[in-house]
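Q: For reference, the structure I am asking about is given below.
The values are calculated or read from the model by the stated rules, or taken from the named source; none is laboratory data. For clarity, every value in this text was computed on a predicted model and none was experimentally measured. With ideal geometry, Cβ positions are generated from the backbone for all residues, glycine too; neighbour counts draw on all protein chains shown. Please note that ligands, DNA and RNA were not included when accessible areas were found on the heavy atoms of the full protein model with its side chains. Shrake-Rupley method; radii C 1.70, N 1.55, O 1.52, S 1.80 Å.
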Amino acid sequence: MAGLGMAGTEPEPGPTEAGPESTEPKPDHDAAEPLTALSLPAQLIIAVGIAVAAVAAAIHLSAAFLAVSPPNTLTKRHGAAIDDYIYPEFERVWKLFAPNPLQQNIAVQARAEIRTREGGTATTGWRDLSAQDGAAIRHNPLPSHTQQNELRRAWEFYVGSHDAQERPQGMRGSLSEQYIRRIVMLRFGGEEDGGAVERIQVRSATTPVAPPSWSDEKIDTKTIYRTLPWWTVTTDDIPEAKSR
């Protein structure tokens, strides 16, 4: 009877028979606190920050799109405001939907008026600065970014901020003149041909690219010069003087 009583009684499961305990971490309610649990001022600050960021992104993308898009009603009415925002930090040199490959060779040249050791003045010949950059780039597998773009972009900066009478348009025009003067004096140095440089003059030589032999297009390949007025050199334009 005792044996039957023991056989009919189900043993209670021990700790080893209850199965492995769960190892999943309990959720941290403090770390996963939703935004709705924040105070009202905190929610307002976050909402305002998101709204300001969204508006700023929309303005930037819209201005960048209008700057490279073909002329339209908005660009004609608000073109000056768009240019003030885009240039020079976000400038692009291509036009959306209407690419216009450059079909001209533009060389930037400069000459100097120097004060000789005898006290007189003399004028140097024209020095082709673009040709110097081209010679340094040609056959160079790793050309310098400065040699490729500095002088070219400086000239585009000047042309885009001056009218046909070489009058600067706003502060950007004056900055472009100063920029070109410093580039030229960086190439010339404080002295040229044994004399101190007192004034410099810059010009561009634009030569249209001839059409291919199979084309019927007729283009005048005569070089056209755009000569700027003489600029007086100051100590701010001479790299050696500024480094002292």
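Q: What would the Debye equation give as log₁₀ I(q)/I(0) for region 146-189 at q = 0.19, 0.23 Å⁻¹, counting only Cα atoms as equal point scatterers?
A: One equal scatterer on each Cα of region 146-189 leads to -0.55, -0.75.
Q: Full extension from HIS60 to ASP220: what is 0.36 nm times the residue separation minus their Cα-Cα distance, to one decimal in nm?
A: Values: separation 160, 0.36 × 160 = 57.60 nm, distance 4.18 nm.
Separation in residues times 0.36 nm, less the Cα-Cα distance, equals 53.4 nm.
Q: Ranked highest first by average number of other Cβ atoms within 10 Å, how do 127-135, 112-120, 55-63 line up? Don't skip to the end; give the middle numbers.
A: Working: 127-135: 15.8, 112-120: 13.7, 55-63: 11.4.
Ranked from most to least packed, the peptides come out as 127-135, 112-120, 55-63.
Q: Let me cross-check LEU40: its accessible surface, 1.4 Å probe, with only protein heavy atoms counted, in Å² to the nearest 10?
A: LEU40 exposes around 120 Å² with every protein chain in place.
Q: When ranked by the protection proxy of mean other Cβ atoms within 10 Å per residue, highest first, what sequence do the peptides 178-187, 78-87 form? If you can, show how the numbers build up before the last one.
A: Working: 178-187: 18.7, 78-87: 14.2.
Averaged packing, sorted descending, gives the order 178-187, 78-87.
Q: Something else now. May I ask you to give the percent of accessible area on region 42-87 that is carbon plus sulfur, with a probe radius of 1.4 Å? Don't skip to the answer; put the middle values down first.
A: Working: 2340 of 3160 Å².
Whole-percent figure for carbon plus sulfur exposure: 74.
Q: Can you sort TRP155, TRP230 by solvent-accessible area, 1.4 Å probe, largest first? Working shown, then result.
A: On the way: TRP155 20, TRP230 70 Å².
I get TRP230, TRP155, largest accessible area first.
Q: What share of all Cα pairs of region 115-213, in percent, falls into each consecutive 10 Å distance bin?
A: Values per bin, smallest distances first: 12, 35, 34, 16, 2, 0.
Q: By its C-alpha gyration tensor, with a ≥ b ≥ c as the square roots of the eigenvalues, how is region 40-166 shaped: rounded for a/c under 1.5, else prolate for a/b larger than b/c, else oblate? All intermediate terms of the calculation are to be shown ahead of the outcome.
A: Details: a/c = 2.37, a/b = 2.27, b/c = 1.04.
The shape class here is prolate.
Q: On to the next question. As a test of understanding, state the convex hull volume per residue of region 42-87 from its alpha carbons, in Å³. Write down the numbers at each step before the final one.
A: On the way: hull volume 3.4 nm³, N = 46.
Cα convex hull per residue, to the nearest whole number: 73 Å³.
Q: When the chain is fully extended, how far beyond the present Cα-Cα distance does ARG115 get from ILE50, taking 0.36 nm per residue of separation?
A: On the way: separation 65, 0.36 × 65 = 23.40 nm, distance 6.22 nm.
The span from ARG115 to ILE50 would gain 17.2 nm if fully extended.
Q: State the percentage of accessible surface on region 167-244 attributable to carbon and sulfur atoms; use a 1.4 Å probe and exclude ligands, DNA and RNA.
A: Working: 2480 of 4880 Å².
Carbon plus sulfur share of accessible area: 51 percent.
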